[in-house]
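These notes concern the structure reproduced below.
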């Protein structure tokens, strides 16, 4: 009788353990599904902004601004020239600061992916080569205050803890990879009279001697993770913008 009771207890304990494991697996699966849907919505929002971007000779519609830690750079910040309500830009060549959308992780909580617009600052954006001015602008976009409007797109970005140059850093698993056609190198070749304007790598050959249609393409990758998600969920997407440029 005692042996039978012990066996029954073992069976009951095993069944309870299996039930708990099944519940945990179900909860994790539901979280993966939920975060997967949220990440797809976030990527779709970024893709829509990119596809509606303005562009010019001086600003190619969308620009990746890497975060730098020591000697290493991480392409985790995106700037999109998209005016409020898709209005026409004040200056067709140079965006104003309130016409820019910023996509980046919250530096104080890098698991949060945010969309930011600096609505209280209305002035021409700095030239792309002015990294110091852009650093100040990006810092303003990443600081929650009255001048910047924030939209949280996701709060479950995977965060990688590492050490760079002897300093601990926490990196969001967020990457933007740009591709332009024609490329900046090709425009430099044209400026140096090495390649004719019409022979640059125009998408679908859409160019004349007076203008050309340039394309900016951005590949997007983000990973979701956390204590309840030991296996990261990877979400990817891509979008492009086209705009007219002149010789």
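The values are calculated or read from the model by the stated rules, or taken from the named source; none is laboratory data. Since this is a predicted model, take the numbers as computed values, not measurements. FYI the Cβ positions are ideal-geometry reconstructions off the backbone, even for glycines, and counts take in every protein chain you see.
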Where residues in the range 145-167 are within 21 Å of the chain's Cα centre (by Cα) and without any contact (Cβ under 8 Å) to a residue 12 or more places away in the chain, which of them is nearest to residue 70 (Cα to Cα)?
162
For the range 68-103, enumerate the residues that are touching a residue at least 60 places away in the same chain (Cβ under 8 Å), in a strand (DSSP E or B) and within 14 Å of the chain's Cα centre (by Cα).
74, 78, 103
Could you say whether any residue in the range 143-154 is surrounded by 12 or more Cβ atoms within 10 Å (Cβ to Cβ), outside any strand (DSSP E or B) and modelled with pLDDT of 90 or more?
no
Check the range 200-212 and report whether any residue there is assigned to a strand (DSSP E or B) and within 29 Å of residue 55 (Cα to Cα).
yes
Verdict on residue 109 being surrounded by fewer than 19 Cβ atoms within 10 Å (Cβ to Cβ) and either in contact with a strand residue (DSSP E or B) (Cβ under 9 Å, 6 or more places away or on another chain) or within 23 Å of residue 220 (Cα to Cα) (or both)
yes
Search the range 168-214 for residues being touching a residue at least 60 places away in the same chain (Cβ under 8 Å) and closer than 16 Å to residue 241 by Cα, and hand back the single one that is surrounded by the fewest Cβ atoms within 10 Å (Cβ to Cβ).
177
